[in-house]
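Shown next, in structure tokens, is the structure this report addresses.
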Amino acid sequence: MTLPHIDISIEAGGWPEEAILDQLIAAAIESAGDSAKLIWPEQAELSAVFTDDKAMAELNGQWRNKPTPTNVLSFPGGDIKVGQPSDLMIGDLVFAFETVVKEAEEQDKPFEHHLTHLIIHGFLHLFGYDHLNDEEAEQMETLETVALANLGIEDPYKDDL
């Protein structure tokens, strides 16, 4: 499957250079697409915004009424359900630098591994996956774990057992 066009915007924070982010996103999306059998149009687009905690807190407050930073926000391009193909505009992913760094350090994981996990997690949200109840969470976590394993990254939930 052809990867979507990925529009990267680095707005704030100490993010790696765009070429590195592009490689991480492409690998994560390809693996997530394979593990979850996601479908998108050949000319599909995805936006990825890399920002800081301040901007993330504003977005989270505006869209979720939670004015605090979070690691990733997903804004689907359409109202799709699990198993359906995406619209031409798959959606937007927004990442907060300080939160991602802090979580990676707290979880004793390489930054790139944690960011890859968050890309996969956010990307699955764009395709209707969620974790509002135990069944949904288990399904989503399984897909994330498989996608990460395909990239040689350890199960991020192994310590949750």
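The values are calculated or read from the model by the stated rules, or taken from the named source; none is laboratory data. Since the model is a prediction, treat every value here as computed from it, not as a measurement. Methodologically, a virtual Cβ is constructed for each residue, glycine included, from the backbone with ideal geometry; neighbour enumeration extends over all protein chains shown.
Within segment 93-112, the set of residues being within 13 Å of the chain's Cα centre (by Cα) and assigned to a helix (DSSP H, G or I) comprises V100, E112.
From the list A48, A96, A44, the one residue that fits, being modelled with pLDDT of 95 or more, touching a strand residue (DSSP E or B) at 6+ places or on another chain (Cβ under 7 Å) and farther than 23 Å from P16 by Cβ, is A44.
If you go through segment 134-161 and keep only what is in contact with a Leu (Cβ under 8 Å, 6 or more places away or on another chain) and assigned to a loop (DSSP other than H, G, I, E, B), you end up with E154, D155, P156. Among all positions in segment 7-15, there is no residue which is in contact (Cβ under 8 Å) with a residue 12 or more places away in the chain, under 28 Å from E135 (Cβ atoms) and either not β-branched (V, I, T) or not in a loop (DSSP other than H, G, I, E, B) (or both). Taking each residue of segment 88-102 that is among the polar types (S, T, N, Q) and surrounded by 18 or more Cβ atoms within 10 Å (Cβ to Cβ) and looking for partners that are at pLDDT 95 or above and in a strand (DSSP E or B) with beta-carbon atoms closer than 9 Å, six or more apart or interchain, yields T99/V72.
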